[in-house]
Every structure is written in C-alpha cells, then in structure tokens.
Amino acid sequence: MIDPAHPPPATDWHALDAERALAALDARATGLDESEVAERLERFGPNALPAAPPRSLLRRLGDQFHNLLIYVLLGAAVLATAIGHILDALVVLGVVLVNAAIGLVQEGRAERALDAIRKLMDPQTSVLRNGRRVRLRADRLVPGDIVLLEAGDRVPADLRLIQALGLRVEEAALTGESIPVDKQAGAVAADAALGERGSMAYSGTLVVAGHGRGVVAATGSASELGRIGNLLGSVQMLRTPLLRKMDAFSRRITGAILVAGIGLLAYAVLVTGRRWDEAFMIVVGFAVAAIPEGLPAVMTITLAVGVQRMAARHAVIRNLPAVETLGSVSVICSDKTGTLTRNEMMVVAIDAGDGSIDVQGEGYRPSGRLLTGATELDSAALQALAALARAACLCNDAELDLDEGHVQIHGDPMEAALLALAGKLGHPHERVRAANPRIDAVPFDARHRYMATLNRTPDGSCLAMLKGAPEQVLQMCRRQHAPAAARFDPADWQRRAETLAARGLRVLALAERHLPDPSGSFGATVSAGGFTLLGLVGLIDPPRGEAREAVAECRSAGIEVKMITGDHAGTAAAIARELGMHREPTVVVGAELDAMDAEALLLVARTASVFARTSPEHKLRLVQALQEDGRVVAMTGDGVNDAPALKRADVGVAMGQGGTEAAKAAAEMVLTDDNFATIVAAVREGRTVYDNLTKVIAWTLPTNGGEALVILIAVVLGLTLPVTPVQILWVNMVTAVALGLTLAFEPTEPGVMRRPPRPAGESLLQARLLWRIGFVSVLFVTAIFSMFHWAQVRQLPIEAARTMVVNTLVVLEIFYLFSVRYVHGASITWRGVLGTPAVLLGVATVTALQFAFTYVPIMQTLFGTRGLSFTDGIAIVGCGVAMLLVVEAEKWLLDRLPRSRTTAAGQGP
Ligand code: ATP
C-alpha cells in the first residue's frame with residue numbers, strides 16, 4: 001500500500017522490476033477498479049500541474065494605464081487643475097477611468113474566451129480499468145492506473161513501463177534532448193540519469209514510435225515535470241501579426257499627433273493669439289479626437305469573437321495568427337478517411353478466391369447475411385472462410401462491446417468492422433482471441449501499410465497474421481488459401497482488389513503464416529514474407545453529406561480542395577467523384593511523386609486533385625510545392641509523422657478525435673469533430689473576422705479624422721470652436737465603445753464565400769480604405785461646419801450651436817456605422833436597416849446618452865450644452881441620412897469602376 005505521507009521516491013521506480021513496481025503501487029496488469037480509482041483520486045488529487053497564478057485585479061487595472069494616450073490625458077488633467085479648469089480636469093479623469101474599466105472588461109472577456117478554448121484541448125489517454133480499455137481525460141489518472149501508449153501519444157503521467165514494443169520516446173520537454181530514446185520494460189541502475197531510464201516514460205514526453213503500457217507511478221506535481229516546477233501554461237494573449245502591426249500603427253499615429261499638437265499649440269498662441277490655457281485644452285481635445293485609442297482593443301475583441309465563434313463550430317484555434325491566415329487560404333489539402341468520409345466502416349464484400357461474396361448487415365452489429373449472387377453461403381463455404389475470420393480477429397487492436405443491443409466500438413473503426421465481419425462468419429472475436437493469445441506484434445505504420453501479429457494457437461504452435469494494403473500484402477505472400485489447387489497469381493489478385501476499389505471500397509488483404517518455431521525478431525520475420533493469402537475484404541466508408549456541400553462552397557470561394565490519402569487510388573478517385581470534387585479527377589500516387597523532380601512536382605501539385613497511397617513525407621513535399629506556387633495551404637493530419645507537414649502548412653489542421661497529441665501540438669487548428677466541413681466553416685469565419693477588422697478600421701479612422709479636422713480647421717482659421725475639448729472627449733468616450741465595438745460582433749456577410757481568397761500578407765490599409773478615410777473625414781467636416789453656420793445664422797447661443805454640432809457628429813457616426821456594416825454590398829436594405837442586436841443596443845445606448853447630454857441639467861453644466869428644438873433634431877437626423885446616401889453612392893460607384901472591381905470583390909473596403 002502506498003502511504004501518501006511517504007510516497008516512494010520518484011527516483012526508485014526505474015530500478016524496480018516491473019512486477020515489484022506493480023506490487024509497490026498496489027496495482028494489477030488488468031487495471032484498477034472504479035472504487036480504487038475514486039479512493040486514489042481523493043487521496044492524490046487530479047493528475048494536473050498547478051495553474052500559474054493569475055494576474056491580480058490591481059495589476060491588471062494598472063496595466064490599463066500603461067499607454068501613451070493615457071499619460072497624455074493624465075498630464076492634461078494635472079495641468080487643467082493647475083490652471084483652475086477643475087471641471088475639465090474631472091471630465092478628462094472620467095474619460096481615463098472609463099477607458100481603463102472598459103479595457104479591463106474587454107481583456108478579461110478575451111482571456112476567458114481563450115481559457116475556455118484551451119480547456120477543449122485537454123489531452124485524452126487510453127487506460128485499462130477493470131480489464132477494459134477506456135479513453136479518458138488525462139487529469140483523471142491515478143497512481144496504479146495502467147496506461148496504454150502508442151505512437152503520437154503524449155505521456156500523461158510518470159509511467160513505469162511493463163511492456164514496450166519498439167517504443168521510442170522523445171523527451172525534449174523534460175531533458176531538452178530531442179533525439180528519441182528507446183524504451184523497454186527491464187529495470188535499470190538506480191543511479192541512472194533521467195535521460196537514461198529506459199524503463200520509465202515521463203509525463204509530458206512524446207511517443208514517436210511503437211507501443212507499450214505502463215503503470216502510473218506519479219501524477220500531477222509529483223511527476224518529474226511537476227518537480228521541476230512546471231506550471232500550466234499561463235493564458236495566451238491575443239497577439240497576431242496584424243494586431244501587432246495595428247499597435248505599431250496606432251503608436252506611430254499617436255506620436256505624430258502629439259507632435260502636431262505641439263505645433264498647433266504654438267500656432268494657436270503665437271499666431272491666432274488665443275490664451276495659452278485655452279489653447280492647451282484645445283490641443284488636448286484635438287489629440288483625443290485624432291488618436292484612435294480604442295482601435296487596438298476593439299480589434300482584439302474582434303479576433304476573440306472570431307476565435308470563440310470558430311470554437312462553437314468545432315474548430316479550436318491553437319495559434320492565434322491562424323485566424324487571420326484562414327481568411328486567405330486558397331488550397332485545402334484534406335485526408336479522406338474520417339474527414340471527407342464518415343469513418344463508419346462496414347465490410348460489404350469478401351473475395352477469398354472463389355468470387356465475390358456480398359456481406360449484409362447494419363453498422364458494427366456482428367450479424368448479417370452473406371450471399372453469393374442471390375444465394376446464402378452454405379456451411380462449407382463458411383468453413384472455408386474460417387482462417388480469414390481468425391486473422392480478422394487476431395490481427396486487430398479494436399474492441400467491440402455489445403451492450404443491451406447497442407454496439408460500441410473502441411479503436412480503429414476499420415478494425416472494428418473486421419470484428420463485426422468475424423461475428424457474421426460465426427467466429428466471435430472474444431472466443432478467437434481467448435483461444436489464440438498474442439505473443440508479439442508489428443504495429444500498423446502508414447509507411448509500410450500493414451500490421452502483423454504473432455499468436456499462439458490452441459495446438460501450441462505459432463501463427464503470424466498479416467493485414468494491410470493489398471499491393472503490400474501481395475508482395476509478402478507466396479501462396480494462397482483458396483482455391484488451393486490454383487497457382488498464386490498476384491497480378492490477378494491485384495485486379496480483384498482494383499475492382500473492389502473502383503466501387504469506392506477500402507480494400508484490405510489478409511494473410512497468415514505458420515511458424516512452428518519463431519526465433520529472432522518478429523519484425524524481421526514478417527518482412528521476410530512467405531505468407532499465405534487468405535483473401536480480400538472491401539469496406540464501405542460513405543462520404544459525409546456535409547462534405548459534399550463544403551466542397552461546393554470551396555469551389556465558389558475560389559478555394560481548391562485536394563484529397564491526400566493513404567488509401568488506394570481507385571477508392572480515392574471514386575470517393576472524390578462522389579464528393580463532387582471533380583468528374584474525372586487526376587489521381588497521382590505516392591510512388592509517382594517519389595520519381596518527380598521539383599518542376600514536375602509543382603505541375604502535379606497544381607493540376608491533380610487526388611493523391612493516393614501517399615506517406616506523410618509526400619504531404620510535406622506537396623505543401624512546399626503549393627507554397628512555392630504562391631498558395632496559402634491548409635493541410636490536415638492525424639499521425640505522429642504528419643507533424644512536419646502540419647507545421648509547414650500555413651494552417652495545419654489536426655483531428656481532435658482521431659488525431660495524435662503530436663499532430664495536435666504541431667497544428668494551428670484542431671477539429672473537435674474531425675469533419676472537413678468544419679475547416680470550410682472556419683475559413684468562412686476567418687474571412688468574416690478579416691472583414692470585421694476592416695470594418696472597425698473603416699469606421700474608427702474617419703470618425704477620428706473628421707473630429708480632428710474640425711478642430712484643426714477652426715484653430716488654423718482662427719474661428720470659434722464648433723465643439724469644446726470636453727465635448728470632443730465625451731463623443732469619443734461614448735461612441736468609440738458603444739458603436740465601434742458593435743462591429744466586432746458583425747455576422748458573416750452574405751456572399752463572403754463567393755469571392756476569391758484575399759491575397760496573403762495584403763495590408764489592411766488598402767488604397768480604397770485610405771480614400772474612404774479621407775472622403776468620410778471631409779464629409780464630416782462639411783456637415784459640422786454647415787450645421788454650426790446654420791445655428792449661427794439663426795443667432796442661436798453658442799452653447800446651443802455646439803450642442804447641435806455634437807449631436808450631428810454622433811448622428812453622423814451612427815449612420816456611417818450602418819454603411820460600414822456592409823463592405824461588399826448596399827446597406828440600404830431591409831436587412832441592413834434592421835441591424836443586429838449588438839448594433840441596435842449600441843445605437844439605443846448612444847441615443848439615450850445623447851438625450852441626457854442635451855437635456856439633463858447636470859450634463860448641461862458639465863458639458864456646456866443646451867436643450868434643442870424638434871426642428872433642430874430633424875435637421876440633425878437629416879444630416880445623418882444625407883451622409884448615408886452620399887457614402888452609399890460612393891460605394892456603388894467605386895464597385896462599378898473597372899479598376900477597383902477586384903479590390904472591391906476580393907479585399908477590404
Ligand atoms: P487518410 O490518409 O485519408 O486518412 P487512410 O486512413 O486510408 O487515409 P492510412 O491510415 O495511411 O490512410 O492507411 C493506408 C492504407 O493502409 C489503407 O488503405 C489500408 O490499406 C492500410 N491500413 C490502414 N489501417 C490499417 C490497419 N490498422 N491495419 C492494416 N492495414 C491498414
């Protein structure tokens with residue numbers, strides 16, 4: 001029994017032999033039972049590293065003030081107090097505080113979104129509990145659990161290995177050494193260094209080859225990883241190249257505006273003879289008007305909203321810049337099995353040499369009819385298939401559970417389908433496995449495309465079983481099981497395999513070899529060949545319905561879809577046709593790719609749509625070729641060997657269910673449903689995010705520009721200011737947040753998947769956007785001076801004139817917001833007018849605040865405002881409507897100019 005107060009020192013486990021380690025941990029090779037697990041979980045706690053301490057509220061609030069604009073504003077408040085403008089100082093302070101509070105809330109929101117998304121990525125592990133293999137979250141592990149490891153797994157806790165078959169582990173996370181080390185179950189010297197403890201697999205390291213099982217010796221912070229003080233990664237902040245660029249841009253603008261402000265101050269005092277304290281407040285107003293202080297925060301939120309939306313659609317972003325890249329993806333290279341197809345397999349055909357047999361049934365249920373033509377198989381024919389059924393059960397790692405009529409599968413669906421077939425042939429796998437225990441195995445490897453096991457038969461002899469891709473297995477066979485009299489003709493069998501493949505079936509060949517006295521390495525024995533072919537099986541794996549629609553969507557969005565599969569060319573081509581990828585797809589097989597030079601490769605990468613019998617190395621070469629061709633590539637992968645291609649791709653996409661931890665670690669995005677359609681949904685969201693970022697910029701910069709120009713012109717021409725500095729502060733505080741932020745929540749525009757992908761690396765500030773900023777700024781200035789002039793002509797008091805101007809400014813911003821919401825189409829539509837809940841809430845809030853600003857006495861004192869008449873109100877709203885019409889007309893005209901057509905169609909505003 002382990003005494004929790006004195007757990008055995010971690011250093012000892014590797015030196016104990018496996019039996020003693022099991023005994024010391026009070027464990028069994030068949031696993032713990034649920035009550036033991038519950039008790040140990042209580043005693044040792046979950047298998048998790050302690051989380052990094054969160055930043056304190058005070059610290060986070062403090063960080064909000066760490067910003068050049070805030071320093072300027074605080075300085076202004078101090079100076080305003082010093083010269084006796086207490087009211088102005090209070091307003092400035094109010095702005096600073098509101099800004100900080102909003103920043104804090106937004107940052108917290110973004111962090112929480114990312115945190116929730118990280119939780120979706122909790123690693124899973126395979127464990128034996130009570131003799132059954134189960135998959136569970138790694139944090140549910142307890143000391144004494146038996147963990148099953150295979151290539152691609154991340155070791156979930158410190159394990160004393162009790163079995164290792166070709167097991168190789170990369171321990172860089174712990175030792176810094178990136179060359180994988182061999183593992184075995186035998187004890188090593190007590191003083192062996194961490195990197196030399198071949199009998200241990202440590203938490204956080206990565207299995208790169210083979211498989212094995214081990215007993216959990218230490219979990220959570222008691223593991224070696226925990227001992228070196230590792231903490232759970234702290235929250236990742238939303239930082240992407242685009243945001244960094246915008247940050248730098250904002251900083252540059254801020255610097256330039258401050259310099260311009262000093263010039264303006266000097267000009268106002270020296271040239272136009274204003275009082276210097278008045279001039280100072282004007283310059284503060286100018287700076288606040290011109291600096292897009294809210295922009296970086298709103299852009300961050302826009303990205304966070306995008307990441308959240310993607311997660312809700314089963315696409316988990318691991319690496320934030322991928323959100324941007326997704327929008328410009330021009331090729332999606334996808335696996336077939338499970339991604340484009342459902343990975344719900346069923347054997348529907350057998351060819352054991354005497355013609356094709358149809359297999360009927362439903363799902364993984366081990367019952368169903370077997371027919372040749374219209375007649376059911378007789379017992380002699382069934383008897384002839386006994387050896388095939390045996391191989392199907394034994395050369396197989398899957399499990400099939402029959403639970404009150406429900407069939408549950410564990411492991412590879414294709415292997416589970418083989419177990420169902422054995423049941424239909426009258427050989428339940430439990431019985432076959434119990435009678436023929438496994439002695440050794442060569443695990444399936446996508447490179448050699450077969451798997452083999454060595455089993456002891458009831459008569460005491462040994463039998464090697466082989467299953468794999470037909471062309472591979474045929475090469476390793478020397479004779480056939482049936483028809484026994486005929487000569488073994490691999491070419492004939494190859495034709496039979498192709499006939500099955502042409503029906504879109506996945507084809508496997510099964511073979512066996514009697515080994516009276518196996519000696520030497522089993523792997524070498526298998527590769528020496530000499531097997532007897534038992535037959536072929538054909539499995540259906542129907543295409544996913546939604547994948548068909550997604551392929552069509554890609555076509556209209558200018559995105560090419562390429563299938564890169566390990567499967568047979570015939571099967572792949574049939575599925576590609578069913579998916580509507582191509583009527584006559586060009587298929588290239590891996591062996592042909594091997595023979596090609598770079599130029600030929602570039603050509604087929606461009607033209608072919610199906611790549612069959614490929615290995616992970618081919619994926620890497622294809623990604624490179626496509627990238628050289630200027631494409632932005634999304635590539636899917638699941639195996640440990642896919643990691644280099646995933647890393648290389650612009651957007652590496654790992655499978656969340658069927659994928660290895662190694663693939664997930666290398667990917668930018670993980671699909672929690674392994675579905676091709678999810679990649680396309682993520683691309684749509686990626687394009688939406690990019691659109692929304694352009695909308696945020698297209699709205700923010702002209703409103704800032706308009707406000708700043710009004711002050712600039714008034715000062716330079718020595719006119720009465722149409723708005724006071726504190727009024728400008730008010731407008732900025734109210735609108736930037738309540739209006740600008742609503743754009744982060746904009747839904748996908750219709751037609752977003754009907755334009756070509758955005759060129760990679762294209763700047764956000766396109767010529768058309770720059771034109772728009774200038775154009776709208778000028779419209780703002782014209783409207784404001786016209787309204788001010790109209791008020792003065794009617795001899796309204798200056799306070800009322802300024803109140804009109806401020807309200808005009810806000811109304812213009814509201815109407816311009818409605819125009820900006822549709823980058824690629826008209827805004828004056830029923831849908832456009834209705835807006836979204838976010839927009840309506842924003843507009844309602846701003847309107848309420850403006851009424852308060854205009855009519856509430858305290859606000860009138862604070863901001864120097866006056867109540868306005870109904871006619872003034874109508875005129876103000878009329879101004880907004882006119883502005884909307886002019887901007888829409890500009891949009892309409894520019895969309896029809898031949899030169900800007902591509903810009904309008906493919907890019908931002
Ligand atoms: P994709 O890359 O689209 O997911 P895939 O699953 O067919 O396709 P692989 O897993 O590399 O790709 O399989 C390639 C071939 O290897 C299969 O067509 C099959 O013939 C064979 N094969 C796959 N899994 C096994 C297995 N568990 N045992 C034996 N052979 C297998």
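The values are calculated or read from the model by the stated rules, or taken from the named source; none is laboratory data. In this text the structure is predicted, and so the values were computed from the model without any measurement. With ideal geometry, Cβ positions are generated from the backbone for all residues, glycine too; neighbour counts draw on all protein chains shown. Ligands, DNA and RNA are stripped out before the accessible areas are found, and what is left, the full protein with its side chains, is counted by its heavy atoms. Shrake-Rupley method; radii C 1.70, N 1.55, O 1.52, S 1.80 Å.
Structural remarks
- Pairs, first of a type in the set (S, T, Y) in the stretch 257-272, second surrounded by fewer than 19 Cβ atoms within 10 Å (Cβ to Cβ), C-beta under 9 Å, six or more apart: Y267/V716; T272/V716; T272/L717; T272/G718
- A Cβ distance below 9 Å, combined with a sequence gap of six or more or placement on separate chains, defines the contacts here; from the stretch 504-517, residues that are touching a residue at least 24 places away in the same chain (Cβ under 8 Å) reach residues that are within 14 Å of the ligand (Cβ to nearest atom) and among the acidic types (D, E) in the pairs G504/D541; L505/D541; R506/D541; R506/D567; V507/E498; V507/D567; A509/E471.
- Those helices (runs of 4 or more DSSP H) lying entirely in the stretch 543-629 with at least 1 residues without any contact (Cβ under 8 Å) to a residue 60 or more places away in the chain, within 13 Å of the ligand (Cβ to nearest atom) and within 22 Å of N641 (Cα to Cα): 590-594, 616-628
One line per residue, one yes/no per condition, for (1) out of contact with any strand residue (DSSP E or B) (no Cβ under 9 Å at 6 or more places or on another chain); (2) closer than 26 Å to Q480 by Cα; (3) aliphatic (A, V, I, L, M):
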residue	(1), (2), (3)
T339	no, no, no
G361	no, no, no
Y364	no, no, no
S367	yes, no, no
L370	no, yes, yes
T375	yes, yes, no
A384	yes, yes, yes
A392	no, yes, yes
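- Residue in the stretch 703-714 that is open to solvent by 40 Å² or more (accessible area, probe 1.4 Å) and of a type in the set (D, E, K, R) present: no
- Condition check for A290: at pLDDT 85 or above and surrounded by fewer than 21 Cβ atoms within 10 Å (Cβ to Cβ): no
- Near pairs, Cβ below 6 angstrom, 6+ apart or cross-chain, from the stretch 675-687 (assigned to a helix (DSSP H, G or I)) to any residue that is acidic (D, E): A677/E546; V680/E553
- Hits in the stretch 301-329 - residues which are of a type outside the set (A, V, I, L, M, F, W, C), out of contact with any strand residue (DSSP E or B) (no Cβ under 7 Å at 6 or more places or on another chain) and open to solvent by 20 Å² or more (accessible area, probe 1.4 Å): Q308, R309, R313, N319, P321, E324
- Scanning the stretch 433-452 for residues that are away from the ligand (no atom under 16 Å from the Cβ) and of a type in the set (G, A, S) gives A434, A435.
- Single residue of the stretch 347-370 satisfying the filter (open to solvent by 40 Å² or more (accessible area, probe 1.4 Å) and outside any loop (DSSP other than H, G, I, E, B)) that is farthest from the ligand (Cβ to nearest atom): D358
Here's the yes/no breakdown for (1) surrounded by 17 or more Cβ atoms within 10 Å (Cβ to Cβ); (2) out of contact with any helix residue (DSSP H, G or I) (no Cβ under 7 Å at 6 or more places or on another chain); (3) touching a residue at least 40 places away in the same chain (Cβ under 8 Å):
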| position | (1), (2), (3) |
| --- | --- |
| Y71 | no, yes, no |
| A80 | yes, no, yes |
| V91 | yes, no, yes |
| A116 | no, yes, yes |
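- Filtered by the rule that a residue be of a type in the set (A, V, I, L, M) and surrounded by fewer than 23 Cβ atoms within 10 Å (Cβ to Cβ), the stretch 715-736 gives V715, V716, L717, L719, L721, M733, V734.
- Selection count, the stretch 562-621, where residues are open to solvent by 20 Å² or more (accessible area, probe 1.4 Å) and of a type in the set (V, I, T): 5
- Of the helices (runs of 4 or more DSSP H) contained entirely in the stretch 22-113, those carrying at least 2 residues that are under 24 Å from V216 (Cβ atoms) fall at 34-44.
- Counted residues, the stretch 431-460 - those being over 30 Å from A643 (Cα atoms) and either among the small types (G, A, S) or surrounded by 14 or more Cβ atoms within 10 Å (Cβ to Cβ) (or both): 12
- Reported count of residues in the stretch 387-423, each being modelled with pLDDT of 95 or more and either open to solvent by 50 Å² or more (accessible area, probe 1.4 Å) or closer than 12 Å to G363 by Cα (or both), is 8.
- Positions within the stretch 319-346 being in contact with a Ser or Thr (Cβ under 6 Å, 6 or more places away or on another chain) and away from the ligand (no atom under 14 Å from the Cβ), in sequence order: L320, P321, E324
- When residues in the stretch 630-658 are screened for being assigned to a loop (DSSP other than H, G, I, E, B) and either open to solvent by less than 10 Å² (accessible area, probe 1.4 Å) or among the β-branched types (V, I, T) (or both), 2 of them pass.
- Those residues of the stretch 191-224 which are assigned to a loop (DSSP other than H, G, I, E, B) and buried (at least 23 other Cβ atoms within 10 Å of the Cβ), in sequence order: R197, S199, Y202, S203, T205, T219, S223
- When the stretch 155-180 is filtered for residues that are hydrophobic (A, V, I, L, M, F, W, C), over 15 Å from T219 (Cβ atoms) and part of a loop (DSSP other than H, G, I, E, B), only I179 remains.
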